[in-house]
Amino acid sequence: GENVEQHPSTLSVQEGDSAVIKCTYSDSASNYFPWYKQELGKRPQLIIDIRSNVGEKKDQRIAVTLNKTAKHFSLHITETQPEDSAVYFCAARAPSNQFYFGTGTSLTVIP
Amino acid sequence: GAVVSQHPSWVICKSGTSVKIECRSLDFQATTMFWYRQFPKQSLMLMATSNEGSKATYEQGVEKDKFLINHASLTLSTLTVTSAHPEDSSFYICSARTGTNQPQHFGDGTRLSIL
């Protein structure tokens with residue numbers, strides 16, 4: 001099955017700086033890569049996604065890049081704010097249509 | 001739109017009892033629902049994929065007879081933890097999607113505590 005790895009596990013940045021989270025996947029046939037933000041005790045919320053036919057997607061301060069050849073994709077958050085503090089999960093949808101999640105990154109934005 | 005409701009949000013019960021968790025898509029029809037388990041400060045582990053009208057597909061290592069999944073309608077899937085024991089205590093989250101190429105939307109999760 002698909003195997004998704006995520007780094008780093010924890011990340012601290014100063015408010016206003018950028019944050020980058022990276023994920024790799026194993027199944028080259030995976031074709032959809034969402035990113036979720038989960039605050040403590042709450043449901044994961046989809047923040048951005050990218051499909052395999054696109055290399056980059058941006059939504060205001062958030063962007064995702066995908067390198068199909070290298071089988072990795074990254075989340076970029078610019079001008080970070082304290083409310084960006086949360087756990088972020090990447091995921092990959094395998095050809096079986098099942099989703100597999102990365103191990104999560106705990107982001108702390110220091111005011 | 002795309003609201004997923006999960007019930008109950010928290011349940012505490014004695015060892016040996018069975019617990020049913022419901023996952024409902026409130027404003028859309030979900031042909032596929034997913035069940036995840038999440039331990040504290042850990043990622044979401046896919047347990048099974050539930051397709052309406054057919055048997056669920058379980059991930060390797062997940063006991064089918066322990067975690068019974070029923071997806072009888074396009075808006076409801078249930079997970080029953082049978083003869084629950086303390087090691088089954090965890091946070092269970094369901095998700096649903098509107099179609100094959102659509103993102104999944106999560107329920108609020110169920111915190112299960114077995115005494």
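The values are calculated or read from the model by the stated rules, or taken from the named source; none is laboratory data. Quantities reported herein were computed from a predicted structural model and do not represent experimental measurements. Positions of Cβ are generated from backbone atoms using ideal geometry, with glycine treated the same way; all protein chains shown enter the neighbour counts.
One table, with the values for the structure above:
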item	result
Qualifying positions in the range B:59-75 - buried (at least 18 other Cβ atoms within 10 Å of the Cβ) and either within 14 Å of another protein chain (Cβ to nearest Cβ) or modelled with pLDDT under 95 (or both)	B:Ile69, B:His71, B:Thr75
Unique match (being within 14 Å of another protein chain (Cβ to nearest Cβ), in contact (Cβ under 8 Å) with a residue 24 or more places away in the chain and either part of a loop (DSSP other than H, G, I, E, B) or under 24 Å from A:Glu2 (Cα atoms) (or both)) among B:Ser15, B:Ser95, B:Ser83	B:Ser95
Qualifying residue in the range B:32-44 (condition: surrounded by 14 or more Cβ atoms within 10 Å (Cβ to Cβ), part of a loop (DSSP other than H, G, I, E, B), touching a Lys or Arg at 6+ places or on another chain (Cβ under 8 Å) and touching a residue at least 60 places away in the same chain (Cβ under 8 Å))	no
From A:Thr80, A:Thr69, residue being buried (at least 16 other Cβ atoms within 10 Å of the Cβ) and away from chain B (no Cβ under 14 Å)	A:Thr80
Within the range A:55-100, strands (runs of 3 or more DSSP E) holding 2 or more residues that are closer than 23 Å to A:Ser9 by Cβ	A:62-67, A:72-77, A:86-93
Test for A:Leu75: is it on the phi < 0 side of the Ramachandran plot, touching a Phe, Trp or Tyr at 6+ places or on another chain (Cβ under 7 Å), away from chain B (no Cβ under 13 Å) and modelled with pLDDT of 95 or more	yes
